[in-house]
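All of the numbers you see were taken from the coordinates with simple rules; none came from a lab. Please read these numbers as outputs of a predicted model, since none were measured by experiment. As a convention, Cβ positions derive from the backbone with ideal geometry for all residues, glycine included, and neighbour counts pool all protein chains shown.
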Amino acid sequence: MKYDFDTVIDRRGTCSVKWDAVEERFKVKDILPMWVADMDFKSPPAVVTALKKTADCGIFGYTSVPASYYEAVIDWMKKRHGWQIQKEWLMLTTGVVPALRLLVKAFTQPGDQVIVQTPVYYPFSVAIKDNGCEILDNPLRLEGASYRMDLDDLERKITPKTKMIILCSPQNPISRVWTREELKDLGDICLRHNVLVVSDEIHSDIIYRGYKYVPFTTVSDDFIDKSIVCTAASKTFNLPGLHTSNIVIANPELRKQFTAVMRNCGMSSPNMFGIAATEAAYRDGEEWLEQLLDYLQGNVDFVTKFLAERIPGARLIQPQGTYLLWLDLRNCGIEAERLGTCVREEAKVATEAGTLFGCVENGFERMNIACPRSILAEGLRRIEEMVKSRR
Ligand SMILES: Cc1ncc(COP(=O)(O)O)c(C=O)c1O
């Protein structure tokens, strides 16, 4: 491998939320952070070079978005995903979570219902509630080794007050990559009931062998005007601290409404470092990404083997995308209600409880595997020891 994902980089003392805030968050000393969704790897060298060049200028004034930025984003989406985006469809925000909040504000009224499919990234629900809307939960079903959408349940639950769905594609935390057919069936229901689809596709570049990410708006010509897709280079290239994302809105009327809400919230000028890094990553980061994907696949294989051989009863819901693994620890011989506490306080591994994502059943944990294999091995060894000591 040309790029090094094995070297452990000490992130402590770098203002890293994942490393520097973990003990405070879980109230456990020497806990190993496998929670916040960023990576313990350096970004591609081209990104670091672009950021240094930006810093060398020494003047950090208000920034406009250069044509070359749009070109880089458009080329990436076309080349990697066969998705043809027009420049005017792209709206920059300071992150996907801020965008989701603005989208709820722009396209719903207090009292409206917004659909989520739990287990799902929990800021979705917070954005909905904070804007005075009601959450309409359409839980995913775990069938055998994988999750599926329950579209009968969805259609039964939709009411005239249901105005939006926030879809997670690929889905964090259960790591499904939705197929074209699944997205088409979901989109058809939303079209029939006039429900706006907001598709959070921030994890779309982290896809494992044998799976294919399908941008929601490419599923059907009918969906282009009735959906909004949230994208960013931040998960792909480890840039979330630079707060730059690209929201794709093809429908000019929706764009106008969204722009008005953005202005109202004082969001106009982008971050010059975020612009430089995103452009460099999309332009020159593909080889690095290919090697990252190989490394992450290696980590997935490592976890699969480790659980099978050393933690009887534990199982990995095989990920199709994302570097966030969904561990099913219900049959490890530990009372499900106590399991999360045991993992965090006894094993001292900071995974996140499945219940945080709206999973009604105890015993699931989300583990971030975007780290050198030696750290991953240490996390798993700690869990193994804890499980053994409780048997
Ligand atoms: C599905 C999903 N959306 C959004 C985010 C965060 O986006 P941002 O950092 O751009 O606000 C995350 C981070 O984990 C995520 O998993």
> Simple spin-label model, 7 Å along Cα-to-Cβ: ARG338 to ARG310 in nm?
Replying inline: 2.3
> Over region 59-284, what is the mean sequence separation of C-alpha contacts under 8 Å (at least six apart), divided by residue count, expressed as relative contact order in percent?
Replying inline: 26
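Tell me the relative contact order for the chain as a rounded percent, counting alpha carbon contacts under 8 Å between residues six or more apart.
Dividing the mean separation by the residue count of the chain yields 23 percent.
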> How much FRET efficiency would the formula 1/(1 + (r/R0)^6) give for ARG148 and ALA67, where r is the Cβ-Cβ distance and R0 is 51 Å, rounded to 0.05?
Replying inline: 0.75
> Based on the Kirkwood radius over alpha-carbon pairs, what is the Stokes-Einstein translational diffusion coefficient of region 59-284 at 20 °C with 1.002 mPa s viscosity, in µm²/s?
Replying inline: 120
>> Mean-square fluctuation check for the chain, GNM, Cα pairs under 10 Å: which of GLY333, GLY285, GLY210 is largest?
In response: GLY210
> What does the helix-only formula give at 222 nm for the chain: each DSSP H stretch with n ≥ 4 adding -39500 (n - 2.57), the total divided by the residues, and the result rounded to the nearest 500 deg cm²/dmol?
Replying inline: -12000 deg cm²/dmol
> For region 6-100, what class follows from the C-alpha gyration tensor (a ≥ b ≥ c being the square roots of its eigenvalues): rounded when a/c is under 1.5, otherwise prolate if a/b is larger than b/c, else oblate?
Replying inline: prolate
>> I need CYS15, CYS342 ordered by Cβ neighbour count within 10 Å, fewest first.
In response: CYS15, CYS342
> Taking a ≥ b ≥ c as the square roots of the eigenvalues of the Cα gyration tensor of the chain, is the shape rounded (a/c under 1.5), prolate (a/b larger than b/c) or oblate?
Replying inline: oblate
> How would you classify region 155-286 from its alpha-carbon gyration tensor, with a ≥ b ≥ c the square roots of the eigenvalues: rounded for a/c under 1.5, else prolate if a/b is greater than b/c, otherwise oblate?
Replying inline: oblate
> If we count every other residue with Cβ under 14 angstrom of THR49's Cβ, Lys/Arg +1 and Asp/Glu -1, where does the sum land?
Replying inline: +1
> Given the Cα-Cα distance of ARG330 and VAL126 and 0.36 nm per residue of separation, how much length would full extension add, in nm?
Replying inline: 70.7 nm
> Between ASP222 and CYS265, what FRET efficiency follows from the Cβ-Cβ distance if R0 is 35 Å, with the result rounded to 0.05?
Replying inline: 0.70
> For the chain, which longest stretch is free of loop sites, where a loop site is one of the chymotrypsin sites (Phe, Trp or Tyr not before Pro) that DSSP puts outside H, G, I, E and B and that has at most 12 other Cβ atoms within 10 Å?
Replying inline: 63-391
> Which length gain, in nm to one decimal place, applies between GLU287 and THR14 when the Cα-Cα distance is subtracted from 0.36 nm times their residue separation?
Replying inline: 95.6 nm
